[in-house]
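J.: For reference, the structure I am asking about is given below.
Laboratory data are not the source of any read-out in this text; all were calculated from the coordinates shown. Owing to the predicted nature of the structure, the values given are computational and were not obtained by experimental measurement. Neighbour counts are summed over all protein chains in view; Cβ atoms, including those assigned to glycine, are modelled from backbone coordinates with ideal geometry.
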Amino acid sequence: TDLFESPDYYLVDELLSDEHKLIRQSVRDWVKKEVSPIIENQAQKAEFPKQLIKGLADIGAFGPTVPVEYGGAGLDYTAYGIIMQELERGDSGIRSTASVQGSLVMYPIYAYGSEEQKHKYLPKLASGELMGCFGLTEPDHGSNPGGMITNIKDAGDHYILNGAKMWISNAPFADIAVVWAKDETGKVRGIIVERGMEGFSTPETHNKWSLRASATGELVFDNVKVPKENLLPNVAGLKGPLGCLNQARYGISWGAIGAAMDCYDTALRYAKERVQFGKPIAGFQLQQKKLAEMVTEITKAQLLAWRLGTLKSENRATAAQISMAKRNNVDMALHIAREARQILGGMGITGEYSIMRHMMNLESVITYEGTHDIHLLITGMDITGLDAFK
Ligand code: TGC
Ligand code: FAD
């Protein structure tokens, strides 16, 4: 991709600090150099590019908002969003790996862990020496995680963990898993499970048509003995995992913009070059409608994400505001990917261009971290006070 930059129709850049722009440039350069050249092939082979882990850590993609004393970069949420945007310009699967590591593994250890847990795990997670995954979803409990059956039983100096998690990003290679399980009183607790613990396995999920460059798997617990010191002491109840989702959903609201920008840039360039009926197809009204609507939607999404970032850095963003941005921006990106693919005609279905890969990836992004419909119901509940889930 020659352009590899955002459309910035409303001069949103002026709302960013110099530090934000520097971070964006360094992540953008890294993605262009390290991700773009290999990602199509990795997706075709359905292999996560493990060789990128070190680079992801070096650019600060793992837990950028975590304080420096625990190995993070202590950045604000706008910076975190920008990093996610640039990673997803490359591929949603690469952004997923960073989302999981930062928002779903480092964040719960930082927010709910003991001092010992923070010092033991966070610096190694920030440097990529350890990789983590997040186990909430189960085969029979996706949108409704409160129904989970994975459970821990007190056995003296350890817990006995039983159950299974499904659809877990990074599971096949993760060194540790932050797992949500019910205790004997039915309260949801978070516990850190380590690879190698007896009875713990992580079978890989094959045959995905989406997020092919991201590894997905199950977490299976068969009477796993987990030391008591691995329990996250400072949270109980569903608000524990849902609090982590706020972090990741926020990042996704920026990430989706990156995928949309790449589709828009690609379609605009193609439309200006591709000649049919004696002129560039960009000169036909129908193609202009698509392109004009794309840049309009990207601009609206940028403003939503930027404002949400500011609120989040001030600790004022509500979970419902985050749901609105995740839902809107992912839907926007998926729609743009579909339209962009049409602008490329037959070429749009090939791996010569990134669009079809983005489009297929976004089918997962619109489903994970709360489906499109669940986020609508969260907004509905927020504005009416009435719960339409049950
Ligand atoms: P409900 O009774 O509403 O709430 C239970 C407790 O949780 C609190 N709460 C939240 N706290 C923090 N943040 C949020 N977003 C919260 N939402 C609710 C709530 O206040 C309550 O607290 P308390 O103290 O009163 O106990 O719960 P519910 O069972 O009715 O469920 C609500 C619902 C449906 C919105 C929720 O379950 C939900 O969001 N479902 C979607 C599940 C989901 O998003 N799963 C994602 C799995 S992880 C993933 O997909 C990773 S993909 C990673 C990648 O590769 O990038
Ligand atoms: P279901 O909950 O069965 O939903 C099916 C359909 O029913 C959806 O359209 C949904 O919107 C609708 N629906 C459900 N309830 C209602 C209702 N009350 N009202 C109206 N409609 C409703 N999970 C993790 O824990 N960790 C991960 O790392 C992780 N990574 C993932 C990676 C990938 C590639 C994918 C695909 C999923 C991942 N997930 C992960 C799981 C993801 O969060 C779930 O798939 C998602 O929450 C939806 O759950 P489900 O698939 O069981 O669908």
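J.: Given the peptides 341-352, 155-166, 273-284, arrange them by the average over their residues of other C-beta atoms within 10 Å, most packed first.
T.: 155-166, 341-352, 273-284
J.: Something else: With axes computed from alpha carbons, what is the tilt in degrees of helix 77-90 against the longest principal axis of the chain, rounded to the nearest 10 within 0 to 90?
T.: Its long axis makes an angle of about 60 degrees.
J.: Distance cut-off 26 Å, Cα to Cα: go down the list Lys45/Lys326; Lys300/Lys390; Lys45/Lys279; Lys118/Lys165 and report the pairs above it.
T.: Going by Cα-Cα distance, Lys45/Lys326; Lys300/Lys390; Lys45/Lys279 fall outside the 26 Å limit.
J.: Order the peptides 370-381, 322-333 from the highest to the lowest mean number of other Cβ atoms within 10 Å of their residues.
T.: Ranked from most to least packed, the peptides come out as 322-333, 370-381.
J.: On full extension of the chain, what length is gained from Leu11 through Leu311, given 0.36 nm per residue of separation minus the C-alpha to C-alpha distance?
T.: Stretched fully, the Leu11-Leu311 segment lengthens by 106.0 nm.
J.: Helix 239-273 sits at what angle to the longest principal axis of the chain, using alpha carbons and giving 0 to 90 degrees rounded to 10?
T.: Computed tilt is about 20 degrees.
J.: To the nearest 0.05, how large is the calculated FRET efficiency for Val68 and Asp154 if R₀ is 30 Å and r is the Cβ-Cβ distance?
T.: 0.25
J.: Follow-up. If you take the beta carbon distance between Leu386 and Ala292 as r and set R0 to 35 Å, what does 1/(1 + (r/R0)^6) give as a FRET efficiency, to the nearest 0.05?
T.: The computed FRET efficiency comes out at 0.40.
J.: Here's another thing I want to ask about it. Kindly put Thr318, Thr150 in sequence by how many other C-beta atoms sit within 10 Å of each C-beta, fewest to most.
T.: In increasing order of surrounding Cβ atoms, one gets Thr318, Thr150.
J.: If you take the beta carbon distance between Ser201 and Glu129 as r and set R0 to 35 Å, what does 1/(1 + (r/R0)^6) give as a FRET efficiency, to the nearest 0.05?
T.: It comes out at approximately 0.95.
J.: Right, next: Among Ala337, Leu161, Gln101, whose Cα lies farthest out toward the positive end of the dipole of the chain, if unit charges sit on the beta carbon of Lys, Arg (+1) and Asp, Glu (-1)?
T.: My answer, from the dipole projection, is Ala337.
J.: List every residue whose amide H lies under 5 Å from the amide H of Tyr159, counting only residues 5 or more places away in sequence or on a different chain, with H placed 1.01 Å from N in the peptide plane.
T.: Val226, Lys228
J.: Report, please, the projected area of the stretch 242-318 averaged over directions, based on the convex hull of its C-alpha atoms, in nm².
T.: 5.7 nm²
J.: Could you give me the radius of gyration and the Dmax of the stretch 1-112, taking only the C-alpha atoms into account and expressing both in angstrom?
T.: 14.3, 44
J.: Another question, if that's okay. Kindly provide the helix-only [θ] at 222 nm of the chain, computed as the sum of -39,500 (n - 2.57) over DSSP H runs of four or more divided by all residues, to the nearest 500 deg cm²/dmol?
T.: Dividing the helical sum by the residues of the chain leaves -15500 deg cm²/dmol.
J.: Continuing with the same structure: From zero up to wherever the largest Cα-Cα distance of the chain sits, split into 10 Å bins and tell me the percent of pairs in each.
T.: 5, 24, 33, 24, 10, 3, 1, 0
J.: Which peptide among 98-104, 306-312, 173-179 comes first, and what is the full order, when sorted by highest mean count of other Cβ atoms within 10 Å?
T.: 98-104, 173-179, 306-312
J.: Over the C-alpha atoms of the stretch 73-159, what are the Rg and the largest Cα-to-Cα span, Dmax, in Å?
T.: Final numbers for Rg and Dmax: 15.7, 49 Å.
J.: For the modelled label position 7 Å from the Cα of Arg269 along Cα-to-Cβ, which residues of the stretch 1-43 have backbone nitrogen atoms closer than 16 Å?
T.: Answer for this model: 1-8, 28-40.
J.: Now a separate question. Return one number: the angle in degrees, 0 to 90 and rounded to the nearest 10, between the long axis of the Cα atoms of helix 372-384 and the longest principal axis of the Cα atoms of the chain.
T.: That helix lies at roughly 80 degrees to the long axis.
J.: Taking a virtual spin label 7 Å from the Cα of Gln285 along the C-beta vector, which residues in the stretch 330-344 bring their backbone nitrogen under 17 Å of it?
T.: Backbone N within reach: none found.
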